[in-house]
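Below is one structure; the comments refer to it alone.
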Amino acid sequence: DAHMSNRMTRRRFLRANAAMAVGAGLLGPQTRGQTTASRPSDTLSVGVIGCGDRGKYLTYVCQINPGVRVAAICDVNRQRLARVHEQLGGKARAVHDYRDILGDKGIDAVIVATNTHWHALIAVEACAAGKDVYLEKPVATSVAEGRAVIKAAQRHNRVIQMGTHQHS
């Protein structure tokens with residue numbers, strides 16, 4: 001049914017993250033261009049939370065992947081938000097509160113590239129909102145936070161991938 005065609009699958013999420021790895025130079029050039037979207041339902045709609053240097057770079061990686069569309073971006077810093085909004089040609093919704101992205105039913109997954117102390121909270125809330133998560137390192141600042149992220153992913157049947165620079 002139509003609901004299932006828009007549901008995030010492990011394959012779609014990992015395909016999009018493989019594209020991020022290509023952009024980061026982690027996979028060889030032989031894999032470039034293999035992730036193409038033939039139908040709108042094949043396109044992964046992403047929200048980027050955190051528009052600092054890492055968020056800006058991950059937004060670029062999404063831009064060069066035809067299977068990913070950055071639908072929304074978020075940062076509390078107006079200058080960083082404006083810089084990434086301009087990078088996207090004004091084609092993404094720009095918000096200051098990450099909960100606006102989590103509440104958007106049209107977004108399949110989020111990239112969390114905020115300050116470290118926000119990672120676990122946003123990941124848990126993203127899982128509860130039905131989003132899969134690409135999370136910058138570290139996942140959490142304590143064992144308890146890390147366990148909460150794992151429990152949220154399991155409870156809500158979500159996929160979480162953590163990026164570790166040059167190791168993911």
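The values are calculated or read from the model by the stated rules, or taken from the named source; none is laboratory data. The shown structure was predicted, so the numbers you read here are calculated from the model rather than taken from an experiment. In this analysis, Cβ positions are derived from the backbone assuming ideal geometry, glycine residues included, and neighbour counts consider all displayed protein chains. Surface accessibility is based on the protein's heavy atoms, side chains included, excluding ligands, DNA and RNA. Shrake-Rupley method; radii C 1.70, N 1.55, O 1.52, S 1.80 Å.
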(message) Can you tell me which residue is most open to solvent (accessible area, probe 1.4 Å) among those in the stretch 118-141 that are assigned to a loop (DSSP other than H, G, I, E, B) and among the charged types (D, E, K, R)?
(response) LYS137
(message) Restricting to the stretch 59-91, and then to whatever is free of Cβ contacts under 8 Å to residues at least 40 places away in the same chain and small (Gly, Ala, Ser), can you tell me which residue is nearest to SER45 (Cα to Cα)?
(response) ALA71
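Quick check, is VAL48 in contact with a helix residue (DSSP H, G or I) (Cβ under 7 Å, 6 or more places away or on another chain), in a strand (DSSP E or B) and free of Cβ contacts under 8 Å to residues at least 40 places away in the same chain?
On the way: in contact with a helix residue (DSSP H, G or I) (Cβ under 7 Å, 6 or more places away or on another chain): yes; in a strand (DSSP E or B): yes; free of Cβ contacts under 8 Å to residues at least 40 places away in the same chain: no.
Answer is no for this residue.
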(request) Among what's in the stretch 58-113 and is out of contact with any Leu (no Cβ under 9 Å at 6 or more places or on another chain) and of a type in the set (Val, Ile, Thr), pick the residue that is most open to solvent (accessible area, probe 1.4 Å). (result) VAL76
(request) Could you pull out the residue among LEU58, LEU102 that is hydrophobic (A, V, I, L, M, F, W, C), within 24 Å of THR141 (Cβ to Cβ) and in contact with a strand residue (DSSP E or B) (Cβ under 6 Å, 6 or more places away or on another chain)? (result) LEU58
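So, LYS151, is that one touching a Ser or Thr at 6+ places or on another chain (Cβ under 6 Å), surrounded by fewer than 16 Cβ atoms within 10 Å (Cβ to Cβ) and free of Cβ contacts under 8 Å to residues at least 40 places away in the same chain or not?
Working: touching a Ser or Thr at 6+ places or on another chain (Cβ under 6 Å): no; surrounded by fewer than 16 Cβ atoms within 10 Å (Cβ to Cβ): yes; free of Cβ contacts under 8 Å to residues at least 40 places away in the same chain: yes.
So LYS151 fails the test.
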(message) Would you confirm whether or not the stretch 117-138 contains a residue that is among the β-branched types (Val, Ile, Thr), at pLDDT 95 or above and over 23 Å from GLY52 (Cα atoms)?
(response) no
(request) Looking at (1) outside any loop (DSSP other than H, G, I, E, B); (2) open to solvent by 70 Å² or more (accessible area, probe 1.4 Å); (3) at pLDDT below 95, find the lone condition where ALA21 falls short. (result) (2)
(request) Determine which single condition ILE107 fails, assuming it passes every other condition in (1) in contact with a helix residue (DSSP H, G or I) (Cβ under 8 Å, 6 or more places away or on another chain); (2) over 24 Å from ALA153 (Cβ atoms); (3) part of a loop (DSSP other than H, G, I, E, B). (result) (2)
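Would you confirm whether or not the stretch 142-157 contains a residue that is part of a helix (DSSP H, G or I) and either closer than 12 Å to GLY50 by Cβ or within 13 Å of the chain's Cα centre (by Cα) (or both)?
Within the stretch 142-157, the first condition is being part of a helix (DSSP H, G or I), and the residues that meet it are 143-155.
Next, only the ones that are either closer than 12 Å to GLY50 by Cβ or within 13 Å of the chain's Cα centre (by Cα) (or both) stay: none.
No, because not a single residue in the stretch 142-157 is part of a helix (DSSP H, G or I) and either closer than 12 Å to GLY50 by Cβ or within 13 Å of the chain's Cα centre (by Cα) (or both).
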(request) Could you tell me which residue of the stretch 154-164 is most open to solvent (accessible area, probe 1.4 Å), considering only residues that are within 18 Å of TYR57 (Cα to Cα) and touching a residue at least 60 places away in the same chain (Cβ under 8 Å)? (result) GLN161
